[in-house]
Structure formats: C-alpha cells, structure tokens
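Since the structure comes first, as structure tokens, the remarks are kept for the end.
The values are calculated or read from the model by the stated rules, or taken from the named source; none is laboratory data. Note that the coordinates shown come from a computational prediction; the quantities given were computed from them, not determined experimentally. Counting neighbours? That spans all protein chains shown, and the Cβs are built from the backbone with ideal geometry, glycine included.
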Ligand SMILES: *Cc1c(COP(=O)(O)O)cnc(C)c1O
C-alpha cells in the first residue's frame, strides 16, 4: 500500500478528538511532503540533528514535535521553531527550555514525559518527579513554557492488559493535573498500541510505521 493510502486510511479511523502526530524519523523529505500535501501538519522527530536538517527544507507551517530525549546543550538549536517538546524528562531541561524560549521571545509548548513502562531503559520522569515539577510549573517557575500535558510510552509487549494498565496510570495523573489547570494533550500510543491508548484516554497518537512503512536504519 502507498503512503497516501496508509495515511488516509488511518485518518479515517481516528475519531475527531484524537490528533495525529506523524512520526517521520528516518524518512525522507519526499515522503513527508506527500502526506503534508494531504493535509497533515504535525510531524514528530526524535533526534535534533535530523530535525535540523529537515525543518528548513519543508513548509514553514509544519508544527514540529520533538519526541526523543533532548540533551540540554541542544535546546538552543531548536528553540526558535519547535512547536512542542514532548520529551521533557528533567527539571533542568524544563528550566533551559523556558530560558531559550524567552531569548527567542516566544512560548514553547511542552509535555512532561512520564515513565510508565516497566522496562528499565525508557527515559521519563517518575510519577512523583512529575508531580513536583508540575507544582513548580504551577508556581510560575517556568514562565516561558506552556505545559500542555503528558506523554508516555508503554512496555513493548503483546499483553494488552499490561499496556492498558500503564496508559491508565498516565491518564489518572493527567486527570489529577487537569483538576488544577487546563491541559489539552495526553500523548499516548504508537503504531503497535495506539488503539489501546485511545481506549485509555489518549488524544494525541504518535504514529510512524503505520503510515510510512518500516524504518530502515543505516548500518
Ligand atoms: C518512533 C517513535 C514513535 C512511533 O513509532 P511507530 O511504531 O513507528 O509508530 C512514537 N513515539 C516515540 C517516542 C518514538 O520514538
């Protein structure tokens, strides 16, 4: 199936309250342009270097989301244009994003990435760290970022129950924060688990392979 068919089929099957971030990492400009031409505007990358190569060559009204771990020293490279940083996983990083946003005289949207998977390797804040950071945000410590919500990745497993439980944990935290301030975005779900994520309350899915096909990493 073609990328266009994949994309249109996916869009048809997403209900209107669920936003799609097309994960374009490893895929070329031509493929991104193909689904841009079908109306897609939110694209997500996980590496700063790749984002910096692609962004200048593509339409300026793309909303770029960063979904991979962001090193502090790279914040300033993306601060002028990044729409949303979904992968905020430390207080230090959030502070820097706020500072760089101020230097660029703009506000940067952020999501706190929370560790919900049992796997050791995943980046993200522990639930308690997320709560502390949220309270500091509420107290006005990061004035140039706009906290839009939370992001999480579930364990890579075939067991639906495990995935659903992890997503439900993040939804509960989202609801807790939402009772104190207005949050728009709960980013959960990728190709393998987005339907479970939506069932558990996700309203932003990050999907790559289902649209673009399998990724081929350089050797
Ligand atoms: C790569 C990636 C995705 C998309 O994965 P697919 O399985 O290709 O849909 C989603 N979220 C994050 C954080 C990723 O790094």
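Observations
- Candidate set: the stretch 27-37, residues that are more than 13 Å from the ligand (Cβ to nearest atom) and not in a helix (DSSP H, G or I); chosen: the one nearest to residue 77 (Cα to Cα): 28
- The residues on offer are 80, 98, and the sole one that is out of contact with any helix residue (DSSP H, G or I) (no Cβ under 7 Å at 6 or more places or on another chain) and closer than 18 Å to residue 134 by Cβ is 98.
- All told, residue 24 meets the bar of being under 16 Å from the mean Cα position of the chain (by Cα) and either closer than 25 Å to residue 203 by Cβ or within 16 Å of the ligand (Cβ to nearest atom) (or both).
- The residue that is nearest to residue 206 (Cα to Cα), counting only those in the stretch 105-129 that are out of contact with any helix residue (DSSP H, G or I) (no Cβ under 9 Å at 6 or more places or on another chain) and modelled with pLDDT of 95 or more, is 111.
- Conditions (1) away from the ligand (no atom under 16 Å from the Cβ); (2) part of a loop (DSSP other than H, G, I, E, B); (3) touching a strand residue (DSSP E or B) at 6+ places or on another chain (Cβ under 8 Å); number of the one not met by residue 40: (1)
- Every pair of residues 6+ apart whose Cβ atoms lie under 7 Å, when the first sits in the stretch 170-195 and is modelled with pLDDT under 95 while the second is away from the ligand (no atom under 14 Å from the Cβ) and not in a strand (DSSP E or B): none
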